[in-house]
Amino acid sequence: MKTNKPYLLVGQGIAGTVLAHHFLQANIPFEIWDSPKHINSSYAAGGIFNPVTGRKLEKTWKAETLFDYLFPFYQQLEATVGKAFFYPMPLFRPFANAEMRQWLMDRKQEINHDFLVWTEEGVWIKQAGWVDAASLLESSKTYFANLGIFAERTFQEEDTDHFKAVIYCEGFHATQNPIWNKLPFLPAKGELIRFHSNEPSRDHILNKNGFILPLPDGAFKVGATYRWDEFTPFPTASSREELISKLSSMGVSHYELLDTFVGIRPATQDRRPFVGMLTENLGIFNGFGSKGVSLSPYFARSFVQAILGEKELEPEVSIRRYSHLFSV
Ligand SMILES: Cc1cc2nc3c(=O)[nH]c(=O)nc-3n(C[C@H](O)[C@H](O)[C@H](O)COP(=O)(O)OP(=O)(O)OC[C@H]3O[C@@H](n4cnc5c(N)ncnc54)[C@H](O)[C@@H]3O)c2cc1C
């Protein structure tokens, strides 16, 4: 049955925000609600996008496709919302020691060099950078509010009838939602610390068993920790110790610690997002783990194309791969 009711996007983290901008571009009527009472991972994120991963400098999943799309997407979005938040920046991975350097040199033939520039001291990664997620979210919230489509409000099941369909972009909270908690999430709590120092470089992101990110206000961020044993929104002494030791292993000895950020990454067991409509009026856009910044733009476009009937969703991300978990 045709209906003029709008869609509802539940949650304005990176996922809900990026999907909402794609709904606007496609002229799909919607509202977006965000609860101030729930934990939000996006405000804690370093926001880094990096097409290379792991000891063997492998290309990340779908790197070319995702990165070709995310650059123009975020650049155009800055113009739309009138705020700077996209910072392309080289990322440097120093060799940990002479053995590691030799180990990589021995494998140079097997490594894909599309994003790499080798030097004596380490490897530079091109097409990396970071998104200031807090600025993206705040400026988008104002933009949506000015259009009259944003509400600071907690969604409850009774609200469903007012909408054509509800698309849940709840991040970690999906694991507590009876509709979605059957999905194989594997959440990972993380912390990072903002600090002042004169020692790190301001020209690039340093990545050595952690990262140091230069911020526009002159401070830096060091991150990030991973833990799977507890999911409170509070910082822990052990994670703070771990971040301080990362600072020292990245060569920073004089610093002033400023603020700690805590979030819970909505990661999944098969390391692929959960995207799509489960039924005509129930959908999900979640499971972006530690890569919300690089994964969500491309898959928001895919989701919108699927909603408009233009294209099937990629099977690796489609929620259909878990439809057996929902059958009664
Ligand atoms: C320390 C740390 C560092 C990270 N670094 C990076 C990085 O460098 N690069 C990167 O790409 N990613 C990074 N991440 C991961 C990134 O944070 C996530 O991929 C991303 O934030 C997920 O976004 P989301 O919108 O799915 O979830 P969230 O940001 O958690 O947003 C979910 C939103 O839904 C709202 N909500 C939930 N339930 C309801 C309800 N019933 N009604 C209304 N609203 C609701 C919540 O209030 C919240 O605002 C990091 C994460 C952490 C913790």
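Any read-out appearing in this document is the output of simple, stated calculations on the displayed coordinates, not a laboratory observation. Predicted model only: the values in this text are computed from it and were never measured. Ideal geometry is used to build each Cβ from the backbone, glycine not excepted, and the neighbour counts take in all protein chains shown.
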Exercise. Put a dot 7 Å past each Cα toward the Cβ at residue 270 and residue 196; how far apart are the dots in nm?
Worked result: 4.9 nm
Exercise. Taking the simple approach of a point 7 Å from Cα along Cα-to-Cβ for both residue 325 and residue 282, what is their distance in nm?
Worked result: 1.3 nm
Seminar exercise, completed: Rh (Kirkwood, all Cα-Cα pairs) for the range 48-131, Å, reads 14.0 Å
Problem set entry | Normalised contact order of the range 199-328, rounded percent, pairs of Cα under 8 Å and 6 or more residues apart | 16 percent
Exercise. So which residue, out of 52, 117, 222, gets the largest mean-square fluctuation from a GNM of the chain using Cα contacts under 10 Å as springs?
Worked result: 117
Exercise. Which value in Å does the Kirkwood hydrodynamic radius of the range 188-265 take, with 1/r averaged over all unlike C-alpha pairs and then inverted?
Worked result: 12.6 Å
Exercise. About its Cα centre, what dipole magnitude does the chain give when the only charges are +1 on Lys and Arg Cβ and -1 on Asp and Glu Cβ, stated in debye to the nearest 20?
Worked result: 440 debye
Exercise. Cα to Cα, under 20 Å, and not fewer than 8 places away if on the same chain: which lysines meet these conditions relative to residue 108?
Worked result: 56, 59, 126, 208
For this session: Pop the C-beta distance of residue 102 and residue 76 into the FRET formula with R0 = 41 Å and round what comes out to the nearest 0.05.
Result: 0.40
For this session: Using the Kirkwood radius over Cα pairs, work out the Stokes-Einstein diffusion coefficient for the chain at 25 °C and 0.890 mPa s, in µm²/s as a whole number.
Result: 118 µm²/s
Seminar exercise, completed: Those trypsin sites (Lys or Arg not before Pro) from the range 234-328 that are DSSP loop and have at most 16 other Cβ neighbours within 10 Å turn out to be 271, 311
For this session: Determine the calculated [θ] at 222 nm for the chain from helices alone, applying -39500 (n - 2.57) to every DSSP H run no shorter than 4 residues and normalising by the residue count; nearest 500 deg cm²/dmol.
Result: -8000 deg cm²/dmol
Problem set entry | In the range 12-69, trypsin sites (Lys or Arg not before Pro) in a DSSP loop with at most 13 other beta-carbon atoms within 10 Å | 37, 55, 56
Problem set entry | Simple spin-label estimate for residue 38 and residue 238 in nanometres, 7 Å along Cα-Cβ | 2.8 nm
For this session: Determine the relative contact order of the range 1-158: mean sequence separation of Cα pairs under 8 Å and six or more apart, normalised by residue count, in whole percent.
Result: 33 percent
